[in-house]
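Here the structure comes first, spelled out in structure tokens, and everything after it is commentary.
Just so you know, all these numbers are worked out from the coordinates, no wet-lab data involved. Keep in mind that this is a model prediction, so the values were computed, not measured. Neighbour counts are summed over all protein chains in view; Cβ atoms, including those assigned to glycine, are modelled from backbone coordinates with ideal geometry.
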Amino acid sequence: MPTLQEKKPTRPTRRSNGRPARELIFGDLWEYDPAPETADPKLKARYELFINGGFVAPRSGQYFDSINPANEQKLAELALGGAADVDAAYQAAARAFDAGWGRMPGRERGKFLYRVARLLQDRAREFAVAETMDNGKPIKETRDFDVPMAAAHFFYHGGWADKLDYVAPGRRLAPLGVVGQVIPWNFPLLMLSWKIAPALAAGNCVVIKPATNTSITAVKLAEIFQDAGLPPGVVNVITGPGATGGILMAHPMAAKIAFTGSTEVGKVIMRSVAGSDKRMTMELGGKAANIVFDDAPIDQAVEGIVNGIFFNQGQVCCAGSRLLVHEPVAGLVVAKLKQRLRVLRVGDPLDKNTDIGAIVSRAQLETIQRYLDIGVKEGAEMWQPPCRLPARGFFMPPTIFTGVTQSHCIAREEIFGPVLSILTFRTIDEAIEKANNTAYGLSAGVWTDKGSRILKMSTELKAGVVWANTFNKFDPASPFGGYKESGFGREGGRQGLLDYGRLV
Amino acid sequence: MDFGVVFGGVRVDILSSMPLTVHTAFRRLVSEIGTVDAVGVEERVAKYATRSIKKRAKLFGLKLAVSMLDLTTLEGKDTPGKMTSLCRKAVRPHDDPDIPPVAAVCVYPAMVRHARRALGADTPVRIASVATAFPSGQMPLKTRLGEVRTAVADGADEIDMVVNRGAFLAGEFARVQDEIAAVLEACGDATLKVILETSELETYDSIRAVSFLAMRVLRPGDFIKTSTGKTSANATLGNNQVMLEAIRDFYLETGTPIGMKPAGGIRTAKQALQFLVAVKETLGDAWLTNARYRFGASSLLNDLLRQIEKEKTGAYQAPYYFSEAAESY
């Protein structure tokens, strides 16, 4: 019988330097044909404000255009709401609250939330297409994540509505009144649901402003509120520029304000409400560390890195934008990451095979580009996979920077784009220190086969959520929120619900 | 420390009856080749199933799948007559001349000579034979090697052997590899496919480990294969992915290209396309050929043909337009 020793000389010898001996060919032998999603988004030419249960024209009489970032074409006109509209919305919300929404038995309120959830599910494909056209994110994400999760939040909080008497021992949760909410453009419909569902479940009424760039699904959801028979004024949607959001946050009738967006704007809002007795929750920026140890399952870690930073073109506050990789496996991880990025498909967001869609706006694309220039100027090494970008629209290939250190601007500031900064570490303590050495603290990821290390890291990392051997996992039952300049207050779960009421 | 126990009045030291290397062999191998996270693998392969393959891409994929098929019959009731029928189907799967022959027929050793008679010497279709006491492998090595030599002498171009799972699970890795090397020698010029029988290895870590043990012995162009089709669980996108990644890592490290064959449980064209998407996105274009990727299946063929004709004509054809020659009755 031949033994291994005898077989050896016939095998090619290993390269001693450990570098890949060959390259894989990711060519066009089997190119996928276009597979566009064809469901009708049922867009109107013009959308009005949603105040007191009806669609009304803005006092200013002005409208602004919403464009599709994938082709720069106009999708619809949106009403430009101002101070007078915000005030009308607050008045309507206060009337609705006093008229009985706050006193309605929880089981009745819950029925409305369930109804909204079901109607959203019924129209899921339509909403997914509308969201993709408005925001630029790939249809596979809106179809498989944004819309189903939005419905899940309404279902989950519908379940809380009749259990407010049992949320804390011997006490019950009472509503606050009217809450003012401003949400960002990265998950337009989902952020809307995160904000509205718990507020309504606790018995509050809502005045909400979606982001200027991405308001279409918010006013479309207002159609669902009408269809669900939600009492007039319980939810009011004001579209308009950022300044309108400032007015909405500062309005004296708001018992509580909730904001999700950049840390910069969050600070402005907090200054504007200083001295008032408004409650606040802020969900702001992030610069999450995704930490890969040498004993991690490398292929799955690479998948998690990709999911962490390239999900929604990296326009995610909890994106794993800093990769901290253990020095012994740094070369391997980067090589495998590059391989993986070569098969990501950048292009038409409506194509079902697109992995990376369009950046939300020209301004955001320019911001990202500016950070790329800074990264290169700072001496980090930039790499992008070869890919053909569409001629029109705001597209950015997935980008990684190697040779990044803690002092690089691209390791400190939130870029909010598909840009990964790769740093290395030698020991666990170094990993923890580097991960925590940031003004932010929204999320973190740990990749290792050692369970005890996961437990240690989750205690030491100053981040609202620590994912172990996975990344970007969300659930309505799981509270989400930040440390430090990533904000305060939680959204989701019992903790998130408590932020929308008083225990009495 | 005393690890002794008493069996029937005889004192036995458990540790001394197993060499220390057995205890550490798996750990050592895994720390060398890396671990696999099951949740992560299943998340990755779920994305393959969401790829939407349309029009020309679909037609290309379907025809590619036909050309990669190891048309299989492995039954006690196989006869020379069944071989004639299977081989004719393999050479000419459908009346449509545009459809390529399949890669190979896969039969028991005793059927090889009948298959060779049916196919003749000059044929594009290769003959693969399961050997080595398929599917359990629980026969003396001498017997298994004899089986391989007979199959090759009778005209088999390819041998599908089963790996010694018992030896692997007992930590006897050298034995696993020595047996593969012995079969390889018995194969001569015949291509060797090593069946891991993934369902008996159970974990993705073990599947990756055995893939490496096998690949370190194999020649360029030999295959690793998921399953025999004779146990409850067969090829899945998950174990296919773990094996593709093992092949990729081994190739990049050594330059030796190893082929892959998922077998059992792949019955629909849709499934086959998902497996091919995994190949395209993991190993790339160089593996989109029947020299490096095969499907072990039988009923898959007619579903592929049905879908090809549907793409070409825009309508599903009646089932009686497709000859039933590979199925079990």
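B:P262 sits among other residues whose Cβ lies under 10 Å from its own Cβ, and their net charge, with Lys and Arg +1 and Asp and Glu -1, is +3.
Once you have the Cα-Cα distance between A:T427 and A:Q226, take 0.36 nm times their residue separation minus that, and quote the gain in nm to one decimal. Provide the component values of the computation, followed by the final result.
On the way: separation 201, 0.36 × 201 = 72.36 nm, distance 5.67 nm.
Separation in residues times 0.36 nm, less the Cα-Cα distance, equals 66.7 nm.
Among the trypsin sites (Lys or Arg not before Pro) in the range A:304-412, those located in a DSSP loop and surrounded by at most 14 other Cβ atoms within 10 Å of their own Cβ are A:R388, A:R392. With unit charges on the beta carbons (Lys and Arg positive, Asp and Glu negative) and the dipole taken about the Cα centre of chain A, which residue among A:G240, A:V376, A:V182 sits farthest to the positive side? The residue sitting farthest along the positive end of the dipole is A:V182.
Highest mobility in the GNM of chain B, judged by mean-square fluctuation with C-alpha springs under 10 Å and restricted to B:S232, B:S136, B:S298, is found for B:S232. Charge dipole of chain B (Cα centre as origin; +1 on each Lys and Arg Cβ, -1 on each Asp and Glu Cβ, all else neutral): 880 debye, rounded to the nearest 20. Look at the dipole of the range B:38-313 built from charges on Cβ: of B:T143, B:T256, B:I53, the Cα furthest out on the positive end belongs to B:I53.
The modelled label-to-label distance for the pair B:D189/A:L43, using points 7 Å beyond Cα in the direction of Cβ, is 6.4 nm. Structural descriptor for chain B: relative contact order 19 percent, calculated from alpha carbon pairs under 8 angstrom and at least 6 residues apart.
Please average, across the residues of B:251-264, the number of beta carbons from any other chain that are within 10 Å of each residue's own beta carbon, and give a whole number.
Values: counts 5, 10, 8, 7, 8, 4, 1, 0, 0, 0, 0, 0, 0, 0.
If you average over the peptide's residues, the count of other-chain Cβ atoms is 3.
Taking only Cα atoms, what is the 0 to 90° angle, nearest 10, from helix A:124-135's long axis to the longest principal axis of chain A? Value to nearest ten degrees: 80.
Close amide H partners of B:A263, meaning residues 5 or more places away or on another chain with modelled amide H under 5 Å apart, are B:T226, B:S227, B:A235, B:G296.
Simple rule: put +1 on each Lys or Arg Cβ and -1 on each Asp or Glu Cβ in the range B:283-329, find the dipole, and look at B:S299, B:P319, B:A286; the Cα lying farthest toward the positive end is B:A286.
What FRET efficiency comes out for the pair A:L503/A:K74, r = Cβ-Cβ distance, R0 = 60 Å, nearest 0.05? Write out the running numbers ahead of the final one.
Details: r = 48 Å, r/R0 = 0.80.
Efficiency, from the Cβ-Cβ distance: 0.80.
Which value in deg cm²/dmol, rounded to the nearest 500, describes the helix-derived mean residue ellipticity at 222 nm for the protein assembly as shown, given -39,500 (n - 2.57) per DSSP H run of n ≥ 4 and division by the residue count? When only DSSP H runs of four or more count, the value is -12500 deg cm²/dmol. A simple spin-label model places pseudo-atoms 7 Å from Cα toward Cβ; at A:D277 and A:V343 they are separated by 6.0 nm.
Roughly how crowded by other chains is peptide B:213-221, in terms of the mean Cβ count from those chains within 10 Å of each of its Cβ atoms?
Numbers: counts 0, 0, 1, 4, 6, 2, 3, 2, 0.
Partner Cβ neighbours, averaged per residue: 2.
With a cut-off of 8 Å between alpha carbons and a minimum separation of six or more residues, what is the relative contact order of the range A:289-468 in percent? This gives 28 percent for the range A:289-468.
Taking amide hydrogens as placed 1.01 Å from N in the peptide plane, the amide H of B:I159 sits under 5 Å from those of B:S129, B:T191, B:L192, B:K193, each at least 5 positions away in sequence or on another chain.
Residues whose amide H comes within less than 5 Å of that of A:F425, counting only those at least five positions distant or on another chain, are A:V325, A:H326, A:E327 (H built at 1.01 Å from N in the peptide plane).
Under the convention that each Lys and Arg Cβ holds +1 and each Asp and Glu Cβ holds -1, the size of the dipole of the range A:289-468 around its Cα centre is about 360 debye.
Length gain on complete extension for the stretch A:I374 to A:R388, per 0.36 nm per residue less the alpha carbon to alpha carbon distance? Working shown, then result.
On the way: separation 14, 0.36 × 14 = 5.04 nm, distance 2.38 nm.
Extending this stretch completely gives an extra 2.7 nm.
Seen against the Cα atoms of chain A and their longest principal axis, helix A:188-201 is set at about 50 degrees.
Output the relative contact order of chain A, whole-number percent, from Cα pairs under 8 angstrom with separation of 6+ residues. Intermediate values should be presented prior to the final figure.
Working: 1115 pairs, mean separation 86.1, N = 504.
RCO, chain A: 17 percent.
Distance from the C-alpha centroid of the range A:101-138 to that of the range B:164-220: 53 Å, rounded to the whole angstrom. Within 10 Å of the Cβ of each residue in B:38-45, the mean number of Cβ atoms contributed by other protein chains is 5. If you wrap the protein assembly as shown in the convex hull of its Cα atoms and look at it from every side, the mean projected area works out to 42.1 nm². On a 20 Å Cα-Cα criterion, which of the cross-link pairs A:K434/A:K473; A:K336/B:K280; B:K63/B:K310; A:K163/A:K256; A:K195/A:K278 come out too long? Beyond 20 Å: A:K434/A:K473; A:K163/A:K256.
I need the shape label for the range B:38-313. Rule: rounded when a/c is under 1.5, else prolate if a/b > b/c, else oblate, with a, b, c from the alpha carbon gyration tensor. The shape class here is oblate. How far is helix A:327-341 tilted, in degrees, relative to the longest principal axis of the Cα atoms in chain A, given as a value from 0 to 90 rounded to the nearest 10? Helix A:327-341 sits at roughly 70 degrees to that axis.
About the centre of its Cα atoms, the protein assembly as shown shows a dipole size close to 500 debye [charges on the beta carbon of Lys, Arg (+1) and Asp, Glu (-1) only; nearest 20 debye]. Return, ordered by residue number, the residues of the range B:83-103 whose backbone nitrogen is under 18 Å from a label point located 7 Å along Cα→Cβ of B:A318. Residues passing the 18 Å test: B:95-96. Once the Cβ-Cβ distance of A:E264 and B:A233 is raised to the sixth power relative to R0 = 60 Å, the FRET efficiency obtained is 0.65.
Between B:E43 and A:Q62, the simple spin-label model (points 7 angstrom out along Cα→Cβ) gives 4.5 nm.
With a cut-off of at most 15 other beta carbons within 10 Å, and DSSP calling the residue loop, which trypsin sites (Lys or Arg not before Pro) in the range B:88-128 qualify? Please list them. Display every interim value, and only then the final one.
Details: sites: B:R88, B:K89, B:R113, B:R116, B:R117, B:R126; in loops: none.
Here no trypsin sites (Lys or Arg not before Pro) fit, given the DSSP loop and packing criteria.
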